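Remarks on the structure that follows.
None of the figures in this text is laboratory data; all of them are computed from the coordinates on show. Model, not experiment: these values are computed from the prediction. No Cβ is skipped: glycine too gets one built from the backbone with ideal geometry, and neighbour counts run over all protein chains shown.
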Amino acid sequence: MSILVNEKSKVVVQGITGREGMVRTQLMKDYGTNVVAGVTPGKGGGKVHGVPVYDTVEEAWDKAGPVDVSVIFVPAALVKNAALEAIDAGVKLLVLVPDRVPIFDVLEISRCAKENGVRFVGPNTLGLVSPGKAVLGMIGGRAESAKEWFCPGDIGVSSRSGGMTSAISYYLTKAGLGQSTIIHVGGDAVVGLSHPEVMELFEKDKGTQMVVMFGEIGTTQEERVADLIEKKKFTKPLIAFIGGKAAKSGTRFSHAGAIVEGSRGSYKSKVKRLKEVGVHVVDSISDIPRIAKNLKGN
């Protein structure tokens, strides 16, 4: 099984006529994602890779039928308006790909999403994959790569790094271990679905038997996952790798969301807390397939 998206999910691409929108729409369609419409104000009436383009999400909804997901490829300054438009039209899952989205815009999107029962991934995300079913965003780069790197199975992957999202899944696939859903939660300090929320979704998914998490310094996402485990709200085996071991307090590491402030969000605090609740914390990405096989009894 998978979480959030499957081969039947109806997807609209906002910003479909832009460079990224066009390229990534091709990726999603070639992989098998059910892209039913695109939206670019003022460009309605055309087509991109066979996908009809409309001026608004509401128009796309009226013409293509109810839409499950919107993948947003617009400039960062326009993400808030695009997201609110999709929410207002009735879309229940958003994927906010752009980086450098103003934090107050993200907070407003988050407030509106909660009020309307909407989930969103990102911003600053490569997206997510349900192997063999659908790609949302730009993860995998090309359909050929995505089909080679991601294999259907029962291991969930949640990562704060785009590159490590693909790398972990690739190593699992090469070891003969398939994945249920692969999610890059995004690299910013404030994101929609963070590690804890993703873990709760994996907990409910009968097709996910184990989860691999890539964390890093900054924010308290990983500590909050430990809290879930302690409260028995996440009970499946969890393998974790935490990046940023050598970073000092006050150091900004890789992403906007990765900055250490005192002891909160540090490498040591995360590793210590995760180990306390029984998480299998590894020192190298290459250890993940071996530990996963051991947990499966292979």
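Tell me the label-point distance for the pair Val23, Arg111, using the 7 Å Cα-to-Cβ offset, in nm and rounded to one decimal.
3.5 nm
Give me the distance between the Cα centres of segment 188-231 and segment 1-22, rounded to whole Å.
Cα centroid of segment 188-231 versus Cα centroid of segment 1-22: 23 Å apart.
Sorted from fewest to most neighbouring beta carbons within 10 Å, what does the list Ile109, Ile103 look like?
Ile103, Ile109
Using 1/(1 + (r/R0)^6) with R0 = 30 angstrom and r between the beta carbons of Glu144 and Lys233, what's the FRET efficiency to the nearest 0.05?
0.20
Looking at this model, which pairs from Lys29/Lys92; Lys268/Lys296; Lys8/Lys236; Lys233/Lys296 are more than 24 angstrom apart at the alpha-carbon?
Beyond 24 Å: Lys268/Lys296; Lys8/Lys236.
What does the C-alpha gyration tensor say about the overall shape of segment 1-125? Classify as rounded when a/c is under 1.5, otherwise prolate if a/b is larger than b/c, or oblate.
Rounded shape, in that the Cα axes give a/c under 1.5.
Answer rounded, prolate or oblate for segment 151-298, using the Cα gyration tensor with square roots of eigenvalues a ≥ b ≥ c: rounded when a/c is under 1.5, else prolate when a/b is larger than b/c, else oblate.
The shape class here is prolate.
For a quick protection proxy, order the peptides 176-186, 23-33, 119-129 by their average other-Cβ count within 10 Å, most packed first.
So the order, starting with the most tightly packed, is 119-129, 176-186, 23-33.
I'd like the FRET efficiency for Lys275 and Ala189, computed as 1/(1 + (r/R0)^6) with the beta carbon distance as r and R0 of 22 Å, rounded to 0.05.
For R0 = 22 Å, the calculated efficiency reads 0.30.
Extension gain Lys43-Asn6, at 0.36 nm per residue separation less the Cα-Cα distance, in nm?
Fully extending the segment from Lys43 to Asn6 adds 10.5 nm.
Ile103 to Ala175: FRET efficiency via 1/(1 + (r/R0)^6), r the Cβ-Cβ distance, R0 45 Å, to the nearest 0.05?
About 0.70, to the nearest 0.05.
Which angle between 0 and 90 degrees, to the nearest 10, do you get for helix 79-89 versus the longest principal axis of the chain when only C-alpha atoms count?
The helix 79-89 is inclined about 70 degrees to the chain.
In deg cm²/dmol and to the nearest 500, what is the mean residue ellipticity at 222 nm of the chain if only DSSP H runs of at least 4 residues count, each as -39500 (n - 2.57), divided by the residue total?
The per-residue figure over the chain is -10500 deg cm²/dmol.
Which residue, Ala76, Ala240, Ala175, has the most motion in a Gaussian network model of the chain that connects Cα atoms within less than 10 Å?
Ala175
Which of rounded, prolate or oblate describes the chain when judged by the alpha-carbon gyration tensor and an a/c cut-off of 1.5?
Prolate shape, in that a/c is at least 1.5 and a/b is the bigger ratio.
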